[in-house]
2 protein chains.
Amino acid sequence: MINVDTVMQQSAAAFEQYKKVPAAGRAVFLETIADELETLRESLVVIAGRETNLPPARLNGELTRTTNQLKLFARLIREGSWVEAVIDSANPASTPPRPDIRKMLMPVGPVVVFGASNFPFAFSTAGGDTASVLAAGATAVIKGHPAHAETSLQVFGAIEAAIRKTNMPAHTVQHVAQPGNTIGKELVMHPLTTGVGFTGSFQGGRALLGYANQRENPIPVFAEMSSVNPVVFLPDTLEKNAASLAQTFGGSVTLGMGQFCTNPGLLLGIRSAALDHFAQLLGEAIAQCAPQKMLHAGIHEAYEKGRSQLLSQQGVAVVNQGAAAPAELEAHPVLARVDAKDFLANHLLQEEVFGPSSLLIVCGDKEELKTVLKSLKGQLTTTVAGTEADIAAYMDVVELQTTLAGRVILNAPPTGVEVCAAMVHGGPYPATTDARFTSVGTSAIKRWVRPVCFQGFADNMLPDALKQDNPLGIWRLVDNEYRK
Amino acid sequence: MINVDTVMQQSAAAFEQYKKVPAAGRAVFLETIADELETLRESLVVIAGRETNLPPARLNGELTRTTNQLKLFARLIREGSWVEAVIDSANPASTPPRPDIRKMLMPVGPVVVFGASNFPFAFSTAGGDTASVLAAGATAVIKGHPAHAETSLQVFGAIEAAIRKTNMPAHTVQHVAQPGNTIGKELVMHPLTTGVGFTGSFQGGRALLGYANQRENPIPVFAEMSSVNPVVFLPDTLEKNAASLAQTFGGSVTLGMGQFCTNPGLLLGIRSAALDHFAQLLGEAIAQCAPQKMLHAGIHEAYEKGRSQLLSQQGVAVVNQGAAAPAELEAHPVLARVDAKDFLANHLLQEEVFGPSSLLIVCGDKEELKTVLKSLKGQLTTTVAGTEADIAAYMDVVELQTTLAGRVILNAPPTGVEVCAAMVHGGPYPATTDARFTSVGTSAIKRWVRPVCFQGFADNMLPDALKQDNPLGIWRLVDNEYRK
């Protein structure tokens, strides 16, 4: 039985030490975690494959993504400008005299990170949340996901080895694993917890947000939860590129058995022969997908239930689907279609069906297409497929899409989330609980910090990032000018 | 009777237009509001004086601060770099090919702004919240504060004149005034509301946060609520500078009858003859303060009640106080003292008493001083008064203070909040509901935006801030380098 209080006390004690480790030291720590994971690559892929049913190529790719993320955050903090140092110099001549005021971002404290079932490496124990927490100078308590418990423990072993090799404080990272949901609630509600990172279901994320709001002092919860990633197919491109669009987006719907939060679950177009033709080609592409086992029995069961519910709704018709009765745990891919009127009348059709299914909404005209877009909840991504002529004629549709999601994509599938400075993997509720932040890319570090302002401090009392002669050589906003 | 739904529909419709107004146009709008306020200065000061009991000098100063804030935000958005444009260029040669990804901050939609009773200009109808909302490109619905209803209407008249003169969309700013708290709840809970700004009591802010969390889609609430702004007086400076410290901090405790959220309500020191001497001098300074009327009967009543409650607690003794039985609505200033043990045993002593009262906590030694600091809730500010020798010996105390507040101040009173880029007027709960943001200074604009990411967009489809040749000439992070 895990004593949550002990765990959080240890995390808070480690934080007192870890926050003083210079950025260069934290960078080496992150790189050492990456190195340790690389050493374990072969066995990690085997264990994760057994636990998640994901194929070796995917797992190897995901592990590379994971070590690259760690190295990316190491580079970010070694460069150092991410702390957003701002300096306003004193002006004794002004009335009243203006004091010297400086601010920068500083880490908040212990953060609870929940592993995600669909990314055993990249969004779990040493994934993006953990990497960004440690880069920020905060400490991490990881709730391992039970669907890949052994993988999680092995990855944590790599982190522990890195802690030892780089002399980081004990308990800078801790790992807890216990069946059931009580432990998660206890972790989120503990007074020493200062933030929460989560990727998973709407129900899960919503529950964590609820716990955080019940605290005497509410804390930020960054839950990435639920998105159907609507794709708009415009008329001219449907006329000209139906076959390649069907290949590309069919591949996106079925990639990894559709077990991605950026899986395109809603497709929108305006009624035409070209749309019907595209639907037929897309249906074939989806039906031909080679079946694979889903992550675990729970996800498989939820998919089959969601799929059945979708197909049983008023006006929903199957366009095409994979061969019936797939083997155990294998998903049964499907493309369905529905008229916009039926879609608009039935809020159940907005629900995410996590797996290789997608619903094509056939709209009567541009106005109805816009009505459907306006009816949608917040999303992680939305895509528009169109030629130059399409875009010129539908710029108002694209503008509407911009209000809907954290990322708007032109002529490419939403699956595939680049880990870079400009990425926004986030979006309006219920895609996430906080549209102002991202869980992928370097800006993810901003979730675990707050600004602290120093007024009238002597230079030797200031953190290095704020010292007058800029010993870290970072970009700073000095008297309203960016300078290095 | 105000129809909240109509108001929010109008705000949302205005937002569709206003968000397209270029930054230069929004800047002129803000400057025109400032000009209109300047035109009304004389009558505004008279009306506000009648409604708030604040003296003309203070109101004139506050109005200047208000117009300066509007001009500061105008300069900020005219310069334009605040949108945090980030560009990661495409790399077709990488595996898989990396798409072009760009992001920037974009306004969220209609924001509800609550006027504050203690700042009829600077934190009310055309105050910092409204200025930052309009600068961001969001629209504002202002709930006027009933304690200065006429001032609020007159200020709104200036905004309306500016809307007309600069051809901004109708309903870009709306003003609602209705007695009672129902209207506030309705505004916060309306589905079209995307954010809330509030400065006021803990009870008020906590209620608004609760409403926002009850929504189907939670929205950010930025409530600046409650702070006692602890000041630590270190031994060496008490020996050397007792008289000047007493003048400075006595003035800070009684400034504006203590009706500032940065009023120093807790003072900390280590038991010594020098501390006793300082307490005596400070008590005299506070007792000598010329009495003035408080803002309104409700605040006066709450102050007298809070003051009585404070003085009736176990171990609390009056050091000195103003002449008894002041005139109607006048506050009765007081300095009290208590031993750290009694303070630690009684959580009531942490409560803010909004007015010219302060409590000196006498600690046995440095360790007890640190224990008291650790027991405190989140604060807007915390100050340390000390000589160089003090600081060298008490750096661990200063470090502890850094974890406590949004702003840490050396050798200056916390009252007086500079409006600049480096200011953090915010802090851990319950000082505010969101320690990651500030309500004063240019960064306050960040409360009304979210990042939006554009992937694979053609240059002519991108917002100007993200176009390849940087037509706005702003600072951007391009392929991980800051460039202009």
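The values are calculated or read from the model by the stated rules, or taken from the named source; none is laboratory data. These figures come from a predicted structure and were not determined experimentally. Methodologically, a virtual Cβ is constructed for each residue, glycine included, from the backbone with ideal geometry; neighbour enumeration extends over all protein chains shown. Surface areas here come from the heavy atoms of the whole protein model, side chains and all, with no ligands, DNA or RNA. Shrake-Rupley method; radii C 1.70, N 1.55, O 1.52, S 1.80 Å.
Could you identify the single residue in A:115, A:80 that is on the phi > 0 side of the Ramachandran plot and either assigned by the TED database to the domain that holds residue A:456 or surrounded by 22 or more Cβ atoms within 10 Å (Cβ to Cβ) (or both)?
Within the list A:115, A:80, the selection yields A:80.
List the number of the failed condition for residue B:127; all other conditions in (1) closer than 22 Å to residue B:62 by Cβ; (2) open to solvent by 10 Å² or more (accessible area, probe 1.4 Å) hold.
Only one criterion in (1) closer than 22 Å to residue B:62 by Cβ; (2) open to solvent by 10 Å² or more (accessible area, probe 1.4 Å) is unmet by residue B:127, namely (2).
What number of residues within the range B:83-112 are basic (Lys, Arg) and surrounded by fewer than 24 Cβ atoms within 10 Å (Cβ to Cβ)?
1
Testing residue A:456 on (1) buried (at least 20 other Cβ atoms within 10 Å of the Cβ); (2) facing chain B (nearest Cβ under 9 Å); (3) touching a residue at least 24 places away in the same chain (Cβ under 8 Å); (4) in contact with a strand residue (DSSP E or B) (Cβ under 8 Å, 6 or more places away or on another chain), one condition comes back false. Which one is that?
Here residue A:456 meets the rest and fails (1).
Quick check, is residue B:425 of a type outside the set (Phe, Trp, Tyr) and either over 23 Å from the mean Cα position of the chain (by Cα) or closer than 19 Å to residue B:270 by Cα (or both)?
no
Which of the residues that make up the range B:303-314 are touching a strand residue (DSSP E or B) at 6+ places or on another chain (Cβ under 8 Å) and open to solvent by 40 Å² or more (accessible area, probe 1.4 Å)?
If the condition is that a residue be touching a strand residue (DSSP E or B) at 6+ places or on another chain (Cβ under 8 Å) and open to solvent by 40 Å² or more (accessible area, probe 1.4 Å), then B:311 is the only one that fits.
Just to be sure before I move on: is residue A:332 modelled with pLDDT under 95 and open to solvent by 60 Å² or more (accessible area, probe 1.4 Å) in the structure I sent?
No: the conditions fail for residue A:332.
Among the residues of the range A:304-337, what is the count of those that are free of Cβ contacts under 8 Å to residues at least 24 places away in the same chain and among the small types (Gly, Ala, Ser)?
The total comes to 5.
The conditions are (1) surrounded by fewer than 21 Cβ atoms within 10 Å (Cβ to Cβ); (2) touching a Leu at 6+ places or on another chain (Cβ under 7 Å); (3) within 16 Å of residue A:161 (Cβ to Cβ), and residue A:40 fails exactly one of them. Which is it?
(2)
Matching residues to (1) more than 19 Å from residue B:227 (Cα to Cα); (2) out of contact with any Phe, Trp or Tyr (no Cβ under 8 Å at 6 or more places or on another chain); (3) basic (Lys, Arg):
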position: B:263; (1), (2), (3): no, no, no
position: B:278; (1), (2), (3): yes, no, no
position: B:287; (1), (2), (3): yes, yes, no
position: B:302; (1), (2), (3): no, no, no
position: B:305; (1), (2), (3): no, yes, yes
position: B:314; (1), (2), (3): yes, yes, no
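Mind counting the residues in the range B:243-254 that are more than 16 Å from residue B:352 (Cα to Cα) and either touching a residue at least 60 places away in the same chain (Cβ under 8 Å) or touching a strand residue (DSSP E or B) at 6+ places or on another chain (Cβ under 9 Å) (or both)?
5
Taking the range B:73-115, which residues are out of contact with any helix residue (DSSP H, G or I) (no Cβ under 9 Å at 6 or more places or on another chain) and in a loop (DSSP other than H, G, I, E, B)?
Within the range B:73-115, B:89, B:90, B:92, B:93, B:94, B:95, B:96, B:97, B:99, B:100 qualify.
Please return the ranges of helices (runs of 4 or more DSSP H) entirely within the range B:1-72 where 1 or more residues are within 26 Å of residue B:188 (Cα to Cα).
Counting at least 1 such residues, we get B:4-18, B:23-39.
Could you please find all residues in the range B:31-50 being without any contact (Cβ under 8 Å) to a residue 24 or more places away in the chain and closer than 16 Å to residue B:159 by Cβ?
B:41
For residues that are surrounded by 21 or more Cβ atoms within 10 Å (Cβ to Cβ) and under 21 Å from residue B:280 (Cβ atoms), tally how many sit in the range B:339-372.
Residues meeting the conditions: 11.
When the range A:398-416 is examined, which residues are found to be open to solvent by 10 Å² or more (accessible area, probe 1.4 Å), more than 7 Å from chain B (Cβ to nearest Cβ) and over 13 Å from the mean Cα position of the chain (by Cα)?
Listed by number, the residues that qualify are A:399, A:400, A:403, A:404, A:413.
Report yes if some residue within the range B:435-447 is closer than 21 Å to residue B:23 by Cβ, more than 13 Å from the chain's Cα centre (by Cα) and surrounded by fewer than 23 Cβ atoms within 10 Å (Cβ to Cβ); otherwise report no.
Scanning the range B:435-447 turns up at least one residue that is closer than 21 Å to residue B:23 by Cβ, more than 13 Å from the chain's Cα centre (by Cα) and surrounded by fewer than 23 Cβ atoms within 10 Å (Cβ to Cβ).
Could you list, ordered by first residue, the pairs with Cβ atoms under 8 Å in which the first is in the range B:141-155 and in contact (Cβ under 8 Å) with a residue 24 or more places away in the chain and the second is part of a helix (DSSP H, G or I) and among the aromatic types (Phe, Trp, Tyr), at least 6 apart or interchain?
Final answer for the pair search is B:142/B:156; B:144/B:156.
What is the residue count in the range B:375-392 for residues that are free of Cβ contacts under 8 Å to residues at least 40 places away in the same chain and either surrounded by 15 or more Cβ atoms within 10 Å (Cβ to Cβ) or within 11 Å of another protein chain (Cβ to nearest Cβ) (or both)?
Summing the residues that are free of Cβ contacts under 8 Å to residues at least 40 places away in the same chain and either surrounded by 15 or more Cβ atoms within 10 Å (Cβ to Cβ) or within 11 Å of another protein chain (Cβ to nearest Cβ) (or both) in the range B:375-392 gives 2.
Restricting the search to the range A:417-432, which residues are open to solvent by 20 Å² or more (accessible area, probe 1.4 Å) and either in a helix (DSSP H, G or I) or within 7 Å of chain B (Cβ to nearest Cβ) (or both)?
Of everything in the range A:417-432, those that are open to solvent by 20 Å² or more (accessible area, probe 1.4 Å) and either in a helix (DSSP H, G or I) or within 7 Å of chain B (Cβ to nearest Cβ) (or both) turn out to be A:418, A:429.
Give the residue, chosen from A:256, A:250, A:195, that is farther than 24 Å from residue A:374 by Cα and at pLDDT below 95.
Only one candidate passes the filter, namely A:256.
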